[in-house]
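The values are calculated or read from the model by the stated rules, or taken from the named source; none is laboratory data. A quick note: this is a predicted structure, and the numbers were derived from the prediction, not measured. Here the Cβ positions follow ideal geometry from the backbone for every residue, glycine too, while neighbour counts run over all protein chains shown.
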């Protein structure tokens, strides 16, 4: 009996509440903007809306902070990625620049006119004499490439030196600036003959010129072809000063080497054809 | 009176939190609905009438705060709260999975009703292929928050029982 009363009360409550809600909902749906809150609703909203607005502001701030936080993380990742990209590109650029410079040097080397009776072997400088900077250097061609002792070494600018040691894969070049070096030359304009000796630098010493010879500063000095080491006509350098000492039997001059060996990276080795 | 004020405050806080904060959380349109869970919890713990009243009051509050026509959420939560109250004595309420299961089922019922009301009143059409996954996700989310809310309603109820 008691359960029946409870069940009926439940049903009555449910039906009552549903009817109330349906009436409310119907009145809402019939209105133009489908919403009429009435005085009670307005009063409740008057109290609650400021709180809701404040909470929305808090949520907005939280959302902004969260976006900022995730943005920072994203930016960090992107920054790291871009840094590594820049690093990689910088390395690539360095390699490309190096290749371009190397290509220009090779082009210059190709300007070297082959000498009759000689074949040329291009070689890369792989080491320099650390103690005597301008004296000798090592190149990456050796007897396997046909390089022989006393082979002349030059660049497009002029003669560099001669090979003094040969291994199967490398050769040591004695530079014309070395004090042990001497080569037979002629002054190109007047055909005056002489000997150029090294002084340990880019300035060479030209001696045994005839006292009455026609020699002037600026004259080009080339190899004479005598001695069998250097082919005839290779540029050695240009006369800078002439020493005319009274009473001396011969003239002497200072010659600036045509080929700069300070930043030399590629050379041509001239090998006499059998 | 004390009980009415307390439950009213809890509902106001829940409705405010839902409309101001939870509605902003991303979740393919599914929004955690603590008001519905409170209605279901009250129905289970205090009976169908209480569930219906809490559901109606909370739903109307949501309608007020969300800007929709008054009565949509009210009616759906009324039915969900009342429906859960029908199982008041037939289910062992100490079962630890009860809150989650009840919230899941209550959400399915409430959301289904809400969609039907929307269609009947001409407030909008429902794409069931979109609505079903959203409602299932929402039911899952409500199941997650159900255990602490059930525990809170129960402790409130026990406190009022001790006072009397």
* Asked: Pick from A:272, A:253: which is closer than 26 Å to residue A:117 by Cβ and in contact with a strand residue (DSSP E or B) (Cβ under 6 Å, 6 or more places away or on another chain)?
  -> A:272
* Asked: What is the one condition in (1) more than 11 Å from chain A (Cβ to nearest Cβ); (2) at pLDDT 90 or above that residue B:114 does not satisfy?
  -> (2)
* **Complete set of residues in the range A:173-194 that are within 42 Å of the chain's Cα centre (by Cα) and surrounded by fewer than 18 Cβ atoms within 10 Å (Cβ to Cβ)** => A:179, A:180, A:182, A:188
* Picking from A:90, A:84, A:27, which residue would you name as being surrounded by 11 or more Cβ atoms within 10 Å (Cβ to Cβ) and either farther than 22 Å from residue B:20 by Cα or free of Cβ contacts under 8 Å to residues at least 60 places away in the same chain (or both)? -> A:27
* **the range A:239-249, residues that are touching a strand residue (DSSP E or B) at 6+ places or on another chain (Cβ under 9 Å) and surrounded by fewer than 17 Cβ atoms within 10 Å (Cβ to Cβ)** => A:240, A:241, A:242, A:243, A:244, A:245
* **the range A:219-274, residues that are closer than 11 Å to residue A:158 by Cβ and over 36 Å from the mean Cα position of the chain (by Cα)** => A:220, A:221, A:222, A:223, A:230, A:233
* Which of (1) at the interface with chain B (Cβ under 8 Å from one of its Cβ atoms); (2) at pLDDT below 85; (3) in a helix (DSSP H, G or I) is the odd one out, the single condition residue A:7 does not satisfy? -> (1)
* Within the range A:196-206, how many residues are surrounded by 16 or more Cβ atoms within 10 Å (Cβ to Cβ) and either in a strand (DSSP E or B) or touching a helix residue (DSSP H, G or I) at 6+ places or on another chain (Cβ under 8 Å) (or both)? -> 5
* Asked: Quick one: is residue B:19 facing chain A (nearest Cβ under 9 Å) and in contact (Cβ under 8 Å) with a residue 40 or more places away in the chain?
  -> yes
* Among B:66, B:9, which is the only one that is at pLDDT 90 or above and more than 17 Å from residue B:150 (Cβ to Cβ)? -> B:9
* Does at least one position in the range A:141-161 carry a residue that is part of a strand (DSSP E or B) and surrounded by fewer than 21 Cβ atoms within 10 Å (Cβ to Cβ)? -> no
* Can you name the residue in the range B:65-82 that is assigned to a helix (DSSP H, G or I) and surrounded by fewer than 24 Cβ atoms within 10 Å (Cβ to Cβ) and, of all such residues, is farthest from the other protein chains (Cβ to nearest Cβ)? -> B:66
* To do: For the range B:48-64, enumerate the residues that are closer than 15 Å to residue A:11 by Cα and facing chain A (nearest Cβ under 8 Å).
  => B:48, B:49, B:52, B:53
* **Scope the range A:253-270; condition surrounded by 23 or more Cβ atoms within 10 Å (Cβ to Cβ) and farther than 26 Å from residue A:138 by Cα; matching residues** => A:253
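Conditions (1) surrounded by fewer than 20 Cβ atoms within 10 Å (Cβ to Cβ); (2) assigned by TED's automatic domain parsing to the domain that holds residue A:160; (3) part of a strand (DSSP E or B); (4) touching a residue at least 40 places away in the same chain (Cβ under 8 Å), marked per residue:
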| site | (1), (2), (3), (4) |
| --- | --- |
| A:208 | yes, no, yes, yes |
| A:212 | yes, no, no, no |
| A:218 | yes, no, no, no |
| A:227 | yes, no, no, yes |
| A:230 | no, no, no, yes |
| A:233 | yes, no, no, yes |
| A:251 | no, no, yes, yes |
* Among the candidates B:119, B:40, B:35, residue that is in a helix (DSSP H, G or I), without any contact (Cβ under 8 Å) to a residue 40 or more places away in the chain and either more than 9 Å from chain A (Cβ to nearest Cβ) or crowded, with 17+ Cβ neighbours inside 10 Å (or both) -> B:119
* Structure fact -> Of those in the range A:15-61 that are in a loop (DSSP other than H, G, I, E, B) and out of contact with any helix residue (DSSP H, G or I) (no Cβ under 7 Å at 6 or more places or on another chain), the residue farthest from the other protein chains (Cβ to nearest Cβ) is A:32
* Got at least one residue in the range B:84-103 being within 14 Å of chain A (Cβ to nearest Cβ), crowded, with 19+ Cβ neighbours inside 10 Å and at pLDDT 80 or above? -> yes
